[in-house]
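Shown next, in structure tokens, is the structure this report addresses.
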Amino acid sequence: MVDVAAGCSFGCLFCPVRWRRVQDGEIEVFVDLPDRLRRELTMRRRSAEQVGPGKVLLNAATDSFQPIPSLLAVVHETLEVLFSAGVQVAVRTRGLVPEGFAGLLRRHSDLLLVEQTFFSVDERLTEQYEPGAPHPQQRLESIRRLRAWGVEVRARIQPLIPFVSDTVGHLEELVRHIRSAGIERATSSYLVMRPQVQERLETRIPQAHWNLIRGSFKGQPWRKVGIHQMTRLMPIRTRDQGYRRLRTVAERAGLTIGICACQDPDLGSDCFARQSSTDLVGQLDLFPSAS
């Protein structure tokens, strides 16, 4: 896993990632990361005892394709370094891949997998829950552009929010748009509650929505999920019913749905992030951890 920055300008209310050194909407770009990464990979290639990563998940702590020139420049250079070392790269984004990446991605399309993330295509909902992210129609165009460059693209439907974005009508519209961009495979997960997510939702969304969400988590204990100590999952029966609903809608449209094992360890079996790091031998410790 390699992060070129911390923080995000998209301001998604349901995002569980927060960097302690930056405030909401602020970005800290690691401008010297490409040089550090280049030295690290060169050292590993020269050493018979050290093996470099076969796959890398890029930017789990931020979004790779925010419209910030300094960030995009570092992302471009980082991709060049990784591709030159023959490293496969996986990117999950709500952003738009700029035309300036066309040449690089065309040349190395066999080493890149992009997962374009959607919460909804309802403009009212996206303005409320992911206010700084690009419009879903723009993301669909970004998918088409990437596919024209030869890049493998999948979709991610995240998060499903109970009674807000997981209804049949809402899912049918979202799946229809995803399929219209040529996507055949998607991964999904339900809203995961963490203290900072709960605080944002409680104070920033309509009260009617919060009442529905709060009721869906009623009685659920805080538990450790992965590296996260304070996590609440919706009841497994509720999640299972929702995934069945999504899969029924998706099957009619010719879209295959997997469940993210990272976000839903009880029901998940498909995990973009876990697949992307399967061959990684050791974590590249280029920067101090957030803790």
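The values are calculated or read from the model by the stated rules, or taken from the named source; none is laboratory data. Computed from a prediction, not measured in an experiment: that's the story for all the values here. Backbone-built Cβ (ideal geometry, glycine too); neighbour counts: all protein chains shown.
Quick look at the numbers
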read-out: Qualifying positions in the stretch 213-244 - closer than 12 Å to Met193 by Cα, aromatic (Phe, Trp, Tyr) and surrounded by 15 or more Cβ atoms within 10 Å (Cβ to Cβ); value: Phe217
read-out: Qualifying residue in the stretch 190-211 (condition: within 17 Å of Leu267 (Cβ to Cβ) and loosely packed, with under 13 Cβ neighbours inside 10 Å); value: no
read-out: Residue pairs meeting the criteria (Cβ under 9 Å; at least 6 apart or on separate chains; first within 10 Å of Val175 (Cβ to Cβ) and at pLDDT 95 or above, in the stretch 244-266; second charged (D, E, K, R) and outside any helix (DSSP H, G or I)); value: Leu246/Asp166; Gly254/Glu184; Leu255/Glu184; Leu255/Arg185; Ile257/Arg185; Ile257/Asp270
read-out: Failed item in (1) in a helix (DSSP H, G or I); (2) touching a residue at least 40 places away in the same chain (Cβ under 8 Å); (3) touching a strand residue (DSSP E or B) at 6+ places or on another chain (Cβ under 9 Å), with Pro162 passing the rest; value: (1)
read-out: Among the residues listed as Gly132, Gly169, Gly150, Gly182, the single one being in a loop (DSSP other than H, G, I, E, B) and on the phi < 0 side of the Ramachandran plot; value: Gly132
read-out: Members of the stretch 185-220 that are over 13 Å from Tyr129 (Cβ atoms), part of a loop (DSSP other than H, G, I, E, B) and in contact with a Leu (Cβ under 9 Å, 6 or more places away or on another chain); value: Val192, Phe217, Gln220
read-out: Pairs, first free of Cβ contacts under 8 Å to residues at least 24 places away in the same chain in the stretch 123-138, second surrounded by 12 or more Cβ atoms within 10 Å (Cβ to Cβ) and aromatic (Phe, Trp, Tyr), C-beta under 7 Å, six or more apart; value: Thr126/Phe119
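Here is a yes/no grid of residues against (1) of a type in the set (S, T, N, Q); (2) in contact with a Lys or Arg (Cβ under 7 Å, 6 or more places away or on another chain); (3) surrounded by fewer than 24 Cβ atoms within 10 Å (Cβ to Cβ):
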residue: Arg147; (1), (2), (3): no, no, yes
residue: His177; (1), (2), (3): no, no, yes
residue: Ala181; (1), (2), (3): no, yes, yes
residue: Thr187; (1), (2), (3): yes, yes, no
